[in-house]
Amino acid sequence: PPAPASALSSASKGASIVFVDYKPQTFRRLREHFGVRLEDYVASFRSTQKERFTEGGSSDAFFFYSGDEKYMVKTCTPHEFRALLAIAEPLAAYACEHRGTLIVRLLGAHCLRLYETAFYFLV
């Protein structure tokens, strides 16, 4: 994926954790358009549901909910992630211009790097 616009990292006892936020301005615009405050969005991910509710398919992606069950998260391959980032801005423009659209409301594109393994996911 392209270079991230923002990243947060933490390290303890040799283990590093890095959270990367991709296209933050684009997804912030979408969250604001759909009335999602940043503070509420972040708070929703302070915990997650322990169970995956589906997995499989050709990409072996799985889905789970944020701890408060407001948001659904889908993991994706680096290839899928790059494809989404390539259309994120036109998708955001369309969603903002067509409020009643049935296109899924994507609110974030992130990567969590744990122990040198990257996990890409969409909210």
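The values are calculated or read from the model by the stated rules, or taken from the named source; none is laboratory data. These numbers come from a predicted model, not from an experiment. Please note: Cβ atoms are built from the backbone with ideal geometry, for glycine as well, and neighbour counts cover all protein chains shown. In case anyone asks, the SASA skips ligands and DNA or RNA and just uses the protein heavy atoms, side chains included. Shrake-Rupley method; radii C 1.70, N 1.55, O 1.52, S 1.80 Å.
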Yes/no for residue 76 being under 19 Å from residue 120 (Cα atoms), open to solvent by less than 50 Å² (accessible area, probe 1.4 Å) and at pLDDT 90 or above: yes
Got at least one residue in region 71-85 being assigned to a loop (DSSP other than H, G, I, E, B) and among the β-branched types (Val, Ile, Thr)? yes
Check off (1) touching a helix residue (DSSP H, G or I) at 6+ places or on another chain (Cβ under 8 Å); (2) open to solvent by 80 Å² or more (accessible area, probe 1.4 Å) for residue 95 and give me the number that stays unchecked. (2)
With the first residue restricted to region 33-47 and required to be farther than 18 Å from residue 91 by Cβ, and the second required to be among the polar types (S, T, N, Q), Cβ contacts under 6 Å at 6 or more apart or on different chains are 44/66; 45/66
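Being in a strand (DSSP E or B) and open to solvent by 80 Å² or more (accessible area, probe 1.4 Å) is the filter; apply it to region 98-123 and report the residue that is nearest to residue 19 (Cα to Cα). Don't jump to the end; show me each part of the working.
Just the residues of region 98-123 that are in a strand (DSSP E or B), to begin with: 109-114, 117-122.
Next, from what is left, pick out any that are open to solvent by 80 Å² or more (accessible area, probe 1.4 Å): 113, 119.
Values: 113: 6, 119: 10 Å.
Result: 113.
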